[in-house]
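For reference, the structure is listed below as structure tokens.
Each value in this text was obtained by applying a stated rule to the coordinates, not by laboratory testing. As the structure is a computational prediction, the values presented were derived from the model and not from experiment. Cβ placement follows ideal geometry from the backbone for every residue including glycine, while neighbour counts extend to all protein chains displayed.
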Amino acid sequence: MATADPVSLGRRIAAARDRAGLTQAALASAVGLERSALAKIENGMRRVSAIELARIAEAVDERIEWFVREPPPALVSYRNIREPGVASPTIERVVERVARNTEFVLKEDGQWQLPTPSEINRPDTVQDAEERALRARALLGLDDVAPIRDMSASVSRLGLLAFSLDLGPDAADAASILLARGGVAVINGHLRVGRRRLALAHELGHYLFADSYTVDWRIAEQDDDAAWETRLDRFARAVLLPRKGLGDMWIELQKQGDDLRTAAVKAGSFFRTDMSTLARRLWELRHVSQDEARFIRTVRTTKADIVEFDLVVHDELAPPFLPRPYEEAVLRLYRNEIVSPARVIDLLLGAWEEQDLPELPRLPESAVWKFV
């Protein structure tokens, strides 16, 4: 729905300017306005022309759509309690764009719908987090032993769409938005594969616990068991590394006579997790000592390990990565000529080029009457 009134538009211009780190004077200078004129625009006392709005959008690195269309309800509730851009402006801007694109595609494509999430009660303790992780794994169709092979496909069946884009080392690990139906998660693809999977497991927790808008700056860096984020960290580790599955494998590796490093490499590869997460999980389940956990954190899987232990290497969620159901829906919109090639590339976040799109059949001359 369009934002027509000057007050709402002015507020969004001010929010975008703040997020871009610009003063009124700096933005006014960039777009060729007097500072007093920009102040009146932001206060809703002066209307902004289309040309001025286009210049403002370019200066603050936002799409015009961001100013003139209402954000998803989750974003509204989020901004009522916190100013945008506090944690990570880059990922916040991207996750909002992804949410808008997803809602557009869902609206225009009649063949695709996201299921309503199966909400789980929030864990009050770390023990609750373990139980909630088992519940989440059951929703994903997993028992208490097996690893999660394809996380994006798994969580999409619950209505959570995972996008992975390289946002650089200074952006947050992940962010997610709970939509009217389903949700979207953006993972910072700059992370290594194990951390990307951990970040998605974290966002799965936010999704199932019905956190409408979340930005996770750095995951698993707190040790206070009373903190909400720490319980989420425990949930995420338990989803990736189930207590029984990891415990059984660790005991079997010890029986085989594997040393600590070899066992860690094999376990990390099997469950597709990074060594820091593996070490923390083994320690909290009391399979290793603190000294052993510190050693495991230093372990790096080598090419020799891959060959000698016959490991299968997976680069899951490698950026740019878009969920397959979303890509399929966008292509249907293109084939049905609902969106232009340029709009398709925009919806696909630049992960595709126009040459990647299928060639559309030529319409017969009589088809002109359809458009007249």
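General observations
- Set the Cα radius of gyration of the chain against 2.2 N^0.38 Å, with N its number of residues, and you get 1.13.
- More than 20 Å apart - percent of Cα-Cα pairs taken over the range 1-70: 13
- Cubic angstrom per residue, convex hull over Cα atoms of the range 222-372: 190
- The order of the peptides 98-107, 306-315, 21-30 by mean Cβ neighbours within 10 Å, most packed first, is 98-107, 21-30, 306-315.
- Computed helical MRE - 222 nm, the chain, DSSP H runs ≥ 4 contributing -39500 (n - 2.57), nearest 500: -15500 deg cm²/dmol
- Peptides 163-176, 142-155, 259-272 ranked from most to least packed, by the mean per-residue count of other Cβ atoms within 10 Å: 163-176, 259-272, 142-155.
- Which of Tyr213, Leu53, Ser164, positive extreme of dipole for the chain (C-beta unit charges): Leu53
- Sequence of Trp250, Trp283 once ranked by neighbouring C-beta atoms within 10 Å, starting from the fewest: Trp283, Trp250
- Under the simplified labelling scheme, the Asp143-Asp18 pair shows an inter-label distance of 5.3 nm, with each label point 7 Å from Cα along Cα→Cβ.
- At most 16 other Cβ within 10 Å, DSSP loop - trypsin sites (Lys or Arg not before Pro), the range 279-319: Arg286, Arg300
- Around the Cα centre of the chain, unit charges on the Cβ atoms of Lys, Arg, Asp and Glu (plus for the first two, minus for the last two) sum to a dipole of about 500 debye.
- A simple count of charges around Ala267, restricted to other residues whose Cβ falls under 14 Å of its Cβ and scoring Lys, Arg +1 and Asp, Glu -1, yields +3.
- Extension gain (nm, one decimal) between Gln256 and Ala30, 0.36 nm per residue minus Cα-Cα: 74.6 nm
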